[in-house]
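What follows draws every value from the coordinates through simple rules; no lab data is involved. Everything quoted here is computed from the prediction, not taken from an experiment. Cβ placement follows ideal geometry from the backbone for every residue including glycine, while neighbour counts extend to all protein chains displayed.
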Amino acid sequence: MKMKVLLSVIVFTLYTVSYAQNMKMIDTSMPKKDKKDAVVIEYDSLTNIRPYKDASYYKQFIGQSILFYPRNPNSSESLPKYYANFLTSNEQVVAIDTIWRKKRSNPKPKDYKLNQITSKRYKPQLVKDNYVTLCASFHDILEQGYRIFPFEIYRATKCPMGKRDGIFTPYNEIEGKTFKILDIELSDAEVEENTIFALQSEEGDTLYWYAKRGEYDGFSYTRQHYPVIVLGFMDKMKQLYLNKDIYIKNIHPINKYKCMEIAYSGSEDTYMVPSFVLKNDSADLIMPLCESPSLFSYEVSIFDNQKRMTQMYFYNLDVVEAEVYEETMERERLAKEELLMKEKLAQEEAKKLASIKRQQRTKELYKKYGKATADLILKGQVCIGMTKAMVLESWGHPSGGINKTTGAWGIHEQWVYGMGQYLYFENGKLTTIQN
């Protein structure tokens with residue numbers, strides 16, 4: 001009877017990533033190629049890499065190095081520990097299957113046969129009854145025979161958590177490590193497209209990362225976020241803000257913070273993302289540089305959606321250096337003071353001109369009509385015996401018009417003002433006032 005003995009070949013790799021070593025952890029729990037020619041955009045280091053983009057967008061990241069987020073050291077044992085979406089071009093020996101033809105104490109070469117078990121997985125390892133993160137297109141996973149959940153359940157939950165056996169890449173060969181991007185292509189799978197990253201490890205190995213792109217449908221629970229940060233982006237953020245005083249203009253009240261350090265932060269079931277630690281006299285803020293997907297997939301989990309909806313991220317903040325902000329505020333203060341001073345001077349000048357005009361008018365009225373009549377006009381009053389000219393000086397032209405009657409007795413006029421007021425003139429003299 002034949003017996004099979006499985007001999008595993010295990011490869012250990014020394015963890016040497018300085019970015020991951022030098023940052024502390026902050027627990028915040030609560031390939032088909034696109035044939036189109038792409039226009040290359042120059043990378044300005046001001047943004048992290050994102051899904052839902054076209055080929056021209058991704059070309060700017062070729063040559064950049066990326067850091068895969070590590071996980072929380074206190075994460076649960078039930079979380080996925082293997083990846084199915086990191087491949088190589090060449091088959092690698094994972095284990096040797098020894099098939100015995102004849103079992104005896106001093107075996108001869110003809111007594112057994114060695115069969116090599118190989119895989120194109122990056123850093124392949126035999127896995128039995130363990131969780132695997134579903135991060136590539138579900139369509140692609142099924143094509144390769146890796147049914148983790150029935151598609152209907154996956155589509156409803158977005159949380160593939162089934163245990164399985166097979167050959168996969170251990171999480172510690174990916175998470176917390178840096179890779180250089182050699183090329184980026186877009187697949188044209190029938191169900192969902194992948195962004196295919198050709199990467200080079202620190203040891204010089206070439207591998208292919210199949211990252212599900214999906215389509216953004218406007219709902220936060222379906223948003224995808226790649227679990228990587230471009231080192232150029234992180235270095236740029238350090239250069240701009242680390243050890244500097246800043247103001248956050250869209251968090252009220254607007255306060256001054258000092259950007260103390262960059263550390264990893266995240267909850268138990270998410271990747272740990274590089275985050276700024278902001279401090280002032282009254283508060284400490286942990287502000288992630290970018291969003292962190294669930295360890296189960298690259299999508300935001302519907303189970304922690306509310307928390308993610310209220311979480312603020314550094315890229316959403318209106319941040320300005322304290323020196324620049326304070327200089328701007330000082331310029332605005334001085335400009336406001338100057339404007340107020342100009343308005344005050346203009347008001348004073350207007351008052352001065354109005355006073356001069358009043359004095360001139362008083363002098364003219366005194367000269368034309370005498371003091372008694374002039375004082376009534378200046379108060380806006382009329383009296384019996386005034387001439388039409390005097391009334392015009394006091395009340396102005398009648399808004400309702402003038403009704404005129406001519407007879408043997410002379411000329412009779414009715415001046416109609418608002419609010420039921422009427423003045424009656426006989427031959428140019430005011431004879432009746434009707435209120």
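A Förster distance of 56 Å, applied to the separation of the beta-carbon atoms of ASP245 and THR118, puts the FRET efficiency at 0.50.
Sparsely packed loop sites in region 63-107 (the trypsin sites (Lys or Arg not before Pro) outside DSSP H, G, I, E and B with at most 10 other Cβ atoms within 10 Å) comprise LYS102, ARG104.
What ranking of TYR210, TYR271, TYR366 emerges when the number of other C-beta atoms within 10 Å of each C-beta is taken as an exposure proxy, fewest first?
TYR366, TYR210, TYR271
Just need the Rg to Rh number for region 233-324, please, alpha carbons only, Kirkwood Rh. Rg/Rh for region 233-324 comes to 0.99.
Calculated on the Cα set of region 303-397, radius of gyration then Dmax: 30.4, 90 Å.
The chymotrypsin sites (Phe, Trp or Tyr not before Pro) of region 46-125 that meet both conditions, a loop assignment by DSSP and at most 15 other Cβ atoms within 10 Å of the site Cβ, are TYR52. Three semi-axes describe the equivalent ellipsoid of region 370-435; taken as square roots of 5 times the Cα gyration tensor eigenvalues and ordered largest first, they are 20, 15, 9 Å. Extension gain for THR387 to MET260 (0.36 nm times residue separation, less C-alpha to C-alpha distance): 37.3 nm.
Counting other C-beta atoms within 10 Å, which of SER267, SER105 has the fewest, and how do the rest follow?
Result, fewest neighbours first: SER105, SER267.
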